[in-house]
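**Student:** Pasting a structure below so you can have a look.
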């Protein structure tokens, strides 16, 4: 039973369409070929994982650059919503006076509803609520609370929500991704409540690490966080009137990731020939 459960988990590395069409057959074949030989079984499971991730990479590489960037912009708006939610909850927890922070409370509730709708694949509903929350969130907190992320005008997340409204995809994010994002927000709220709003950087930093981990298979999350880092770098330079080397690297994040994504697609296409 444990071996079958492990094989089923390995099958999740394949795209859903492949699992639906050939998942049961692949599982039965793996168990039949492996028999009672544990070493061979583990080798076959590793091979299954490798092949599944490779198929996912080829599938994502077949998506057009415009579609990939559009989906990344949607993810960027979701990450902005998570960062704003982190700060809003931290503010409410610190002050413990919800009735005196009605605007913040309304924005927090709106963001929660938007993220819940997005998690259920209701992108158009999420975008409408997200757009409604974007403007008040830009002025809801003092400038020293959201530095430096809140210095970015609401144009970037608004564009992501607008794309979500115009080109919604009726597809729910994976359960693993949702659980990881929820855990990241919870940890960020706990830390941010005692660290002057630092929790938002935990969200962005955690998403950056996750994006790099899955870049070879799916580059959208990496592009999303790169867009945000570049926007932060531009705002820091604009407000400071100087351009230290680290900030220049931040500005170059999105172009570098887009170039790496294009190179990744070329490599995958060459190997497929």
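What follows is calculated from the coordinates using simple rules that are stated; it is not laboratory data. Every value quoted in this text rests on a predicted model; they were computed, and no experiment measured them. Quick reminder, even Gly has a Cβ in these numbers, built from the backbone with ideal geometry, and neighbours come from all protein chains shown.
**Student:** Given 10 °C and 1.306 mPa s, compute D for the chain with the Stokes-Einstein relation, Rh being the Kirkwood radius over Cα pairs; round to the nearest whole µm²/s. Each step should come with its number before you reach the end.
**Tutor:** Working: Rh = 20.4 Å.
The estimated diffusion coefficient comes to 78 µm²/s.
**Student:** Ranked by Cβ crowding within 10 angstrom, fewest neighbours first, how are 235, 25 ordered?
**Tutor:** 25, 235
**Student:** Okay, next question. Set the Förster distance to 30 Å, then compute FRET efficiency between residue 176 and residue 47 from the Cβ-Cβ distance, nearest 0.05. It would help to have the intermediate numbers written out before the result.
**Tutor:** Details: r = 22 Å, r/R0 = 0.72.
Calculated value: 0.90.
**Student:** Angle check, please: helix 38-61 long axis (alpha carbons) against the longest principal axis of the chain (alpha carbons), in degrees 0 to 90, nearest 10.
**Tutor:** 50 degrees
**Student:** Kindly put 43, 118, 229 in sequence by how many other C-beta atoms sit within 10 Å of each C-beta, fewest to most. It would help to have the intermediate numbers written out before the result.
**Tutor:** On the way: 43 12, 118 25, 229 19.
The order, fewest Cβ neighbours first, is 43, 229, 118.
**Student:** Let me ask you something else. Measure nothing fancy, just the Cα-based angle from helix 220-240's long axis to the longest principal axis of the chain, in degrees from 0 to 90, nearest 10.
**Tutor:** Helix 220-240 and the main axis of the chain meet at about 20 degrees.
**Student:** Do the sum for the chain: with -39,500 (n - 2.57) for every DSSP H run of n ≥ 4, divided by all residues, what is the mean residue ellipticity at 222 nm, to the nearest 500 deg cm²/dmol?
**Tutor:** Values: 13 runs with 217 residues, N = 273.
After summing the helix terms and dividing by the residues of the chain, the value is -26500 deg cm²/dmol.
**Student:** Just to confirm the number: angle between the C-alpha axis of helix 175-192 and the first principal axis of the chain, 0 to 90 degrees, nearest 10?
**Tutor:** It works out to around 30 degrees.
**Student:** Take the Cα radius of gyration of the range 2-61 and divide it by 2.2 N^0.38 Å, with N its residue count; two decimals is plenty.
**Tutor:** Values: Rg = 11.3 Å, N = 60, 2.2 N^0.38 = 10.4 Å.
Against the empirical 2.2 N^0.38 Å value, I get 1.08 for the range 2-61.
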